[in-house]
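Undergrad: Once you've had a glance at the structure underneath, I'll fire off some questions.
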Amino acid sequence: MEIPDDLRSVFSAEVTEQHDSFVIEVPEREVAIGDVQDGEVYRVALLATETTAPADTEQRQTKERQTQQREQTQKRETQERGFSGPPVGEGDTRTVDIESIGEQGDGIARVERGYVVIVPETEKGERVTIEITDVKENVAFGEVVEREEYYE
């Protein structure tokens, strides 16, 4: 497949029915970073996914249950530690939302008690699953394991 040089944006979205037409929502992030402008007209290409919607829904629900179980376990372990020390450890995995971008361009997420996790190569508004690679008393560093879909 040939990709044109003027490609502006790539993202995943569901096609939904609204009244007498079908709609593809453009994530706010695409407009915020300036690649897409509100009110402009664009040519859109659609690529089929390899999974069907019911399988996606089932996968998403399974992933959500696993995340909830992991967070409950981590919360229980944190309580057992009596809130002493960082709430994460090296090798832990978490699904986090990137809340802001630091001075050096790395994503910043927060976990229990507002503890900061720095995640390179992410953008504000992204939801990513990370693995904690380094833990300090007041900050941890993580690497992206998986980027979550916008509409999960």
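Undergrad: Can you spot a residue in region 142-152 that is at pLDDT below 90 and of a type in the set (Ser, Thr, Tyr)?
TA: Let us first name the residues in region 142-152 that are at pLDDT below 90, namely 148-152.
Add one more test, that the residue is of a type in the set (Ser, Thr, Tyr), and what stays is 150-151.
Yes - at least one qualifying residue is present in region 142-152.
Undergrad: Answer with yes or no whether Ala45 is under 30 Å from Ile24 (Cβ atoms), surrounded by fewer than 12 Cβ atoms within 10 Å (Cβ to Cβ) and at pLDDT below 75.
TA: On the way: under 30 Å from Ile24 (Cβ atoms): yes; surrounded by fewer than 12 Cβ atoms within 10 Å (Cβ to Cβ): yes; at pLDDT below 75: no.
No; evaluated as a whole, the condition is false for this residue.
The values are calculated or read from the model by the stated rules, or taken from the named source; none is laboratory data. A quick note: this is a predicted structure, and the numbers were derived from the prediction, not measured. Glycine gets a Cβ as well: all are built from the backbone with ideal geometry, and neighbour counts include every protein chain shown.
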